[in-house]
Amino acid sequence: MTRLFPHSDAGQAFPIYITVVGGLLLLAFVYLAVGQAAANRNRAQTAADAAALAAALDTRDKLTDEWVENVLDPTKWKDIFHGGGVAYGGCARATELAAQNDATVQCTPQPELSPPGYNVVSTTNQPVGDSIVPGTEDEHSTEKATAVIEPRCEFELPGVGADPAVLPKLTCEDGVDWNLDPKDLTDLPKPEDLFDVHLAD
C-alpha cells in the first residue's frame, strides 16, 4: 500500500515570510526618512527661535539704555516702553545665533507692530540627506519664528502742578513696584524687569 505524505507547509510559508520581512524593512526605511526630515525641521525651528529671541533681546537692552538716559523725563517713557526711540539692529545678533545652530536666517525688524519685534525665517545648512524618499538628499528645512518685546511695567504721569522732581512709580508684573528717587538713581530696574521678550504664538 502506497502512503501519500502531505506537502510540507514550509515551502508555502517561506514566500509569505519574505513578503512580511520586506514590508517591515520598507516601513522601517519610511520611518527613518520621516525621522530624518523631522530632525532637520527641529533644527531649523530651534535656529529660528533662538535667532528671533536674540534679536529681540538685543533691542530690549537698547530700549533699557534709552529709558535710563531719559529717566528724568517721564514724558518720553511711554514711547520707549512701546519700543520707540531706538534703532532695531538686532538682526546681526540673530545671524550669529543662527550660525551657531548651523543655519542661515532672513531677519526682518518689525518696530511698527504692536508689540514690536522681529520675524525670522531660518534655513538649515545641512540637507535632510539620503533616504528612501526621492529628492530629500538636497532638501533643506525652513522654519519661521517671531519674537516680540512687551513692557512689564505701567505708570501714570504726574498731573498739572505736580512736583517735577517726583518721578512716577513703576508698577510692574509680579507685584513689583519701583519708587524712583531722582536724587539717587543707582538702583534702577534691569532690562528683564522692564521688558518681557517672548516668542509670539
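The values are calculated or read from the model by the stated rules, or taken from the named source; none is laboratory data. These figures come from a predicted structure and were not determined experimentally. Note that we place each Cβ from the backbone using ideal geometry, even for glycine, and neighbour counts take in every protein chain shown.
Numbers at a glance
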item: Selection within the range 65-120 - polar (S, T, N, Q) and within 29 Å of residue 159 (Cα to Cα); result: 70, 75, 114
item: Residue in the range 126-133 that is free of Cβ contacts under 8 Å to residues at least 40 places away in the same chain and either loosely packed, with under 14 Cβ neighbours inside 10 Å or closer than 30 Å to residue 168 by Cα (or both) present; result: yes
item: Check on residue 73, within 23 Å of residue 196 (Cβ to Cβ) and not small (Gly, Ala, Ser); result: no
item: Single unsatisfied condition, residue 22 versus (1) modelled with pLDDT under 60; (2) in contact with a Leu (Cβ under 9 Å, 6 or more places away or on another chain); result: (2)
item: Test: residue in the range 135-150 that is outside any strand (DSSP E or B), hydroxyl-bearing (Ser, Thr, Tyr) and either surrounded by 15 or more Cβ atoms within 10 Å (Cβ to Cβ) or modelled with pLDDT of 90 or more (or both); result: yes
item: Selection count where residues are modelled with pLDDT of 90 or more, closer than 12 Å to residue 71 by Cα and either more than 32 Å from the chain's Cα centre (by Cα) or acidic (Asp, Glu) (or both), scope the range 151-178; result: 3
item: Total residues in the range 90-103, condition outside any loop (DSSP other than H, G, I, E, B) and crowded, with 17+ Cβ neighbours inside 10 Å; result: 7
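Table: residues versus (1) surrounded by fewer than 17 Cβ atoms within 10 Å (Cβ to Cβ); (2) assigned to a helix (DSSP H, G or I).
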| position | (1), (2) |
| --- | --- |
| 53 | no, yes |
| 78 | yes, yes |
| 88 | no, no |
| 109 | no, no |
| 115 | no, no |
| 120 | no, no |
